[in-house]
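Participant: Structure provided below as structure tokens; questions to follow.
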Amino acid sequence: MQRNPAEEGRRWFLQAEHDLDDARYLFEGRRFHLACFLAQQAAEKALKAFLYSLGADFVWGHSLAELSKDAQEIDPDFASIAQDASSLDKYYIPTRYPNGLPGGIPAQAYTEADAHLALSTAQKVIDFVRERLKLRE
């Protein structure tokens, strides 16, 4: 079933906002590794929301660097957040899997400062996408 692009983008964007809210909850619970991961997920879903809202049928991958490039092809203004968005890629694998780290486990490797930075960066990406989606309404 073919979805309306604006509706599909809206669905992805709403989930991005919920993921960021959940990341904040994990931050408060001092689960910093998972807060970092969900911050990455929130930003990923926000970028996918933008792409889906413009009619993309399938948006593959988890790399914010790659998704930012795809978005820049449509809207060059995405270059202004590409570096920030890309910085969240480091939270995709090592925040969850011990073999993604040289030693230790994710639950012990990530700090409050890491999570704070991840949350603020994800918020920046979400705010940017929100503005871009409003421009297209």
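Participant: Over the Cα atoms of the range 76-117, how large are the radius of gyration and the largest Cα-Cα distance (Dmax), in Å?
Facilitator: Considering the range 76-117 through its Cα atoms, Rg and Dmax are 12.9, 40 Å.
Participant: Express the carbon and sulfur contribution to the solvent-accessible surface of the chain as a percent, rounded to the nearest whole number, probe 1.4 angstrom.
Facilitator: Summing carbon and sulfur atoms, their accessible area is 52 percent of the total for the chain.
Participant: Same structure, new question: With just the Cα atoms defining each centre, how far is the range 1-68 from the range 104-127? Give it in Å.
Facilitator: Cα centroid to Cα centroid, the span is 15 Å.
Participant: Here's a follow-up. Would you kindly state how much longer the chain becomes between residue 7 and residue 56 on full extension, computed as 0.36 nm times their sequence separation minus their alpha carbon distance, in nm to one decimal?
Facilitator: 16.4 nm
Participant: Still on this structure, I have one more. Per residue, what accessible area does the range 30-105 have, given a 1.4 Å probe and all protein chains present, in Å²?
Facilitator: Solvent-accessible surface per residue comes out at 49 Å².
Participant: Using the charge dipole of the range 1-87 (Lys, Arg: +1 at Cβ; Asp, Glu: -1 at Cβ; taken about the Cα centre), state which of 56, 20, 74 has its Cα farthest towards the positive end.
Facilitator: Of 56, 20, 74, it is 20.
Participant: Relative contact order for the chain using alpha-carbon pairs under 8 Å, separation at least 6, rounded to a whole percent? Each step should come with its number before you reach the end.
Facilitator: Numbers: 199 pairs, mean separation 43.0, N = 137.
This gives 31 percent for the chain.
Participant: Here is a follow-up. Running Debye on the chain with equal point scatterers at the Cα sites and no solvent, what base-10 log of I(q)/I(0) appears at q = 0.13, 0.16, 0.18, 0.22 Å⁻¹?
Facilitator: The computed values of log10 I(q)/I(0) come out as -0.52, -0.76, -0.92, -1.24.
Participant: So if I place +1 on the C-beta of Lys and Arg and -1 on the C-beta of Asp and Glu, and nothing else carries charge, what would the dipole magnitude of the chain be about its Cα centre? I want it in debye, nearest 20.
Facilitator: 220
The values are calculated or read from the model by the stated rules, or taken from the named source; none is laboratory data. None of the values given here were measured: they were computed from a predicted structure. Note: ideal-geometry Cβ built from the backbone for every residue, glycine included; neighbour counts use all protein chains shown. Ligands, DNA and RNA are stripped out before the accessible areas are found, and what is left, the full protein with its side chains, is counted by its heavy atoms. Shrake-Rupley method; radii C 1.70, N 1.55, O 1.52, S 1.80 Å.
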